[in-house]
Amino acid sequence: MGYCTMWAYAWDIEDEGIVQALQRFRHHLDLDAISIAAKYHSVEQFRPRAQAHKWFIAREAALYFQPRWELYRRTRFKPHVSPLAIGRNPLAAITAEAEAIGLKVIAWTVCFHDSFLGHRYPEAASRNAFGDVYHSYVCPANPDAQAFIKALCCDLDANYPLWAIELESLHYGGVGHFHKHEKFGVDLGAAGMCLLGLCFCENCMRLGQMRGVDMERLRRHIIECIEHALRTGSTLGDDVRVLFERLHGLREFLRAREDAILELLRDIKRNVSTQVFFIIMGDRWTMGINPTAIGQIAHRVEVLCYTSDAMQVQKYVGEMVEWLGTPDKLTVGLQAYPPASPNAKVLLDNVRAALDCGVTSFSFYHHGIMPEPNFDWVRDAVKLIRGTYAVGTSS
């Protein structure tokens with residue numbers, strides 16, 4: 001059975017008024033659920049509907065709820081609570097009101113994309129073949145990071161009336177999407193960027209070694225491969241699989257990374273009673289994600305189709321349906337404002353493209369970022385999904 005939800009931040013809901021905001025979700029938009037950021041990365045957000053300050057800035061990744069500290073007694077990493085949740089609990093207030101009006105709550109949880117933890121525990125951050133540290137991403141193979149995320153999910157599950165925990169960045173990070181102004185002036189191709197993004201911390205080295213890979217040799221060969229491309233100005237192409245024969249052990253190492261993510265996902269699912277959703281971002285080899293295997297573990301898989309091209313939506317969603325073997329476990333995320341949705345028609349066309357692939361579950365981005373008129377666009381999109389949309393009603 002399909003559902004419709006919308007991503008949202010607690011601070012925007014509180015500014016609008018919890019009751020008013022949730023009533024809008026439930027009755028004006030006819031949503032089944034809301035996806036509230038429970039743990040989120042650093043952010044600078046322009047808020048078009050805010051009455052006072054138009055910019056919200058959170059310089060550190062943080063929790064937007066009050067953790068049960070005893071659950072983290074044995075974890076090396078400790079929760080970093082946002083100033084907005086000191087002495088109060090936004091998530092508790094929102095979930096209580098949502099439950100009262102029959103609106104389901106999904107805890108949108110950003111896992112390893114966490115520059116606060118990456119800087120506080122640099123030894124746990126991702127580290128490329130050259131030894132450079134990517135502080136914006138904690139390595140998913142790090143046991144301390146894994147223990148913290150498992151405790152976090154247990155905390156959310158035990159203490160809030162959730163319909164699901166939605167896991168974002170429960171995978172590797174690769175290159176880019178940092179929390180600094182990265183400068184990059186070469187074209188290595190997707191394959192080269194994949195190599196540059198691979199983590200060679202001691203835990204990842206151990207993963208490969210357990211598969212029989214000479215990890216130090218592989219690391220040296222990757223450095224040589226990238227350095228040659230930099231010297232000659234050449235690209236390494238767009239398919240890292242082409243490099244499997246050239247870089248002995250690369251295939252096995254990439255599979256080991258995927259298996260580490262899958263095992264962590266299994267552990268999380270085993271230890272919580274609520275549903276577990278997995279957001280897929282990026283390509284398989286860079287992020288260490290196997291969509292088919294993930295779909296066999298997670299209750300749902302989510303993909304982001306932030307484009308104004310309905311044909312691209314249909315292509316990507318169709319490919320993901322093939323990976324999963326069914327559209328029934330797939331949720332499609334759509335951006336409800338420019339540039340992905342420059343007008344209502346484009347949003348509706350994107351919804352139709354996903355519906356044509358058999359998808360019936362959608363998540364709209366984003367409550368606090370889009371301007372007021374776009375709520376009517378989402379309302380009409382939900383009507384289309386439910387089969388009640390009348391042509392000519394869109395604003």
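Since every read-out is calculated from the coordinates, none of them should be taken as a lab result. Owing to the predicted nature of the structure, the values given are computational and were not obtained by experimental measurement. Virtual Cβ from ideal backbone geometry, glycine too; neighbours counted across all protein chains shown.
Remarks
- Considering only 208, 358, 173, the mean-square fluctuation computed in a Gaussian network model of the chain, springs between alpha carbons under 10 angstrom, is largest for 358.
- Globularity index of the stretch 248-321, i.e. its alpha-carbon radius of gyration over 2.2 N^0.38 Å: 1.24
- Dmax and Rg, reported as Rg then Dmax, of the stretch 1-130 (C-alpha, Å): 16.4, 54
- Applying 1/(1 + (r/R0)^6) with R0 = 25 Å to the Cβ-Cβ distance of residue 158 and residue 30 gives a FRET efficiency near 0.25.
- Dipole size of the stretch 210-262 about its Cα centre, with +1 on Lys/Arg Cβ and -1 on Asp/Glu Cβ: approximately 80 debye, rounded to the nearest 20.
- Whole-Å semi-axes of the ellipsoid equivalent to the stretch 300-393 (Cα gyration tensor, √5λ, descending): 21, 14, 12
- Sequentially through the stretch 187-192, phi angles give Karplus couplings (6.51, -1.76, 1.60; θ = phi - 60°) of 10, 8, x, 4, 5, x Hz, Gly and Pro residues having no value and appearing as x.
- In the chain, a dipole from Cβ-located charges (positive for Lys and Arg, negative for Asp and Glu) runs towards its positive end, and of 125, 299, 314 it is 125 whose Cα lies farthest in that direction.
- Measuring nothing but how far apart in sequence close Cα pairs (under 8 Å, 6+ apart) lie, relative to its length, the chain scores a relative contact order of 17 percent.
- Partner lysines whose Cα lies under 29 Å from the Cα of residue 183, excluding those fewer than 8 positions away in the same chain, are identified as 39, 54.
- Reference-scaled alpha-carbon Rg (2.2 N^0.38 Å with N residues) for the stretch 240-364: 1.18
- Dipole size of the chain about its Cα centre, with +1 on Lys/Arg Cβ and -1 on Asp/Glu Cβ: approximately 560 debye, rounded to the nearest 20.
- Estimated at 0.36 nm per residue, the fully extended path between residue 271 and residue 99 surpasses their Cα-Cα distance by 59.6 nm.
- Exposure proxy shown here: for 277, 116, the number of other Cβ atoms within 10 Å sets the order, fewest to most, as 116, 277.
- Evaluated at q = 0.15, 0.16 Å⁻¹, a Debye calculation over the C-alpha positions of the stretch 78-223 (equal weights, vacuum) places log10 I(q)/I(0) at -0.85, -0.93.
- Legend: ranking of residues 106, 36 from fewest to most surrounding C-beta atoms inside 10 Å; resulting order 106, 36.
- Estimated from helical segments only, the mean residue ellipticity of the chain at 222 nm is -12000 deg cm²/dmol, where each DSSP H run of four or more residues counts as -39500 (n - 2.57).
- For residue 108, distant residues with modelled amide H under 5 Å away: 36, 37, 38, 166
- Residue 74-residue 14 FRET efficiency (beta carbon distance; Förster radius 25 Å; 0.05 resolution): 0.15
- 15 Å beta-carbon shell around residue 200, net charge (K/R +1, D/E -1): 0
- Isotropically averaged projected area of the stretch 205-269, using the convex hull of Cα atoms (one quarter of hull area), nm²: 5.2
- Summary of packing: across the peptides 129-142, 302-315, the per-residue average of other C-beta atoms within 10 Å ranks them, highest first, as 129-142, 302-315.
- Dipole magnitude of the stretch 1-159 about its Cα centre (Cβ charges: Lys, Arg +1; Asp, Glu -1), debye to nearest 20: 280
- Pairwise Cα inverse-distance average, inverted: Kirkwood Rh of the stretch 156-315 (Å): 17.5
- By other beta-carbon atoms within 10 Å, ranking 4, 199, 154 with the fewest at the front produces 154, 4, 199.
- Here residue 241 and residue 386 are evaluated by their C-beta separation; at R0 = 35 Å the FRET efficiency comes out at 0.25.
- In the chain, Rg over Rh equals 0.97, where Rg is the alpha-carbon radius of gyration and Rh the Kirkwood radius from pairwise Cα distances.
- Backbone amide hydrogens, once placed in the peptide plane, bring residue 361 within less than 5 Å of 3, 332, excluding anything fewer than 5 places away on its chain.
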